[in-house]
């Protein structure tokens, strides 16, 4: 069994100063204000500083799985846990409460995430923000089989082609259907992939997925209409004047009955 470390100390037993972590960042964020600090159209300096730090915290969430996967592979490959743990399994379990399966999943995803980030067109004003916004752990996971069967370039081509086709929103479910749909068009795992053939296969698979999605949504709408309750029978006995008269005399005042009688006799 490996030896458990103090949570606040870095692995390795050295005296190196630990870089600022996301936890440090969160603890330094101010308490949420009950009202804005200022009401000017442009943020004042204090607000700008807080806004930047808050956006960094949110960005950390978007890239956390990518960063963690890459870091775990570095630690595993370099056996950087060896000063305090006997195995990588012990390290991820005792240090992070993580199973080996969870660690391996993160490791398998990070290259795809990094490739997607680097291949996403950037905005000249804020390239990082635009590219980070596109990262989605569930979407990345659906591309892992393609990356492992061929390479990350093929995986990113699948994603970009699906997005550029603009058939439907490229969610994890949609991408799963696309990846399943292009299998017949792809060569054996490890062989070179013709990008033209790949692009056409993705476009065809995406149209199929989008059509099925629309059909399913249509059935759902029709089902809701079919299951809607029938017209509720009238609460008053409109077809029986005698019964209606008895009911009105029971629940209406004399004055209101007279008013109703006058209204009913008017053309």
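Values in this text are rule-based calculations from the coordinates and carry no lab data. Keep in mind that what you see is a predicted model, and the values were worked out from it rather than measured. Methodologically, a virtual Cβ is constructed for each residue, glycine included, from the backbone with ideal geometry; neighbour enumeration extends over all protein chains shown.
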- Can you put 24, 153, 90 in order, fewest other beta carbons within 10 Å first? 24, 153, 90
- Item | Additional length obtainable on full extension of the chain from residue 163 to residue 244, 0.36 nm per residue less Cα span | 22.8 nm
- Long-range Cα-Cα pairs in segment 28-80 (distance over 18 Å), rounded percent: 54 percent
- Message: Please compute the contact order of segment 136-220 in relative form: average sequence separation of alpha-carbon pairs under 8 Å and at least six residues apart, divided by the residue count, as a percent.
- Response: 32 percent
- Message: Given an 8 Å cut-off on Cα distances and at least 6 residues of separation, report the relative contact order of segment 30-182 as a percent.
- Response: 19 percent
- Query: Quick one: 107, 182, fewest Cβ neighbours within 10 Å first, how do they rank?
  - Reply: 107, 182
- Query: For residue 23 and residue 171, what is the calculated FRET efficiency with R₀ set at 35 Å and r taken between the beta-carbons, to the nearest 0.05?
  - Reply: 0.65
- When a/c is below 1.5 the answer is rounded, else prolate if a/b is larger than b/c, else oblate, so apply that to segment 1-107 with a ≥ b ≥ c taken from the square roots of the Cα gyration tensor eigenvalues. prolate
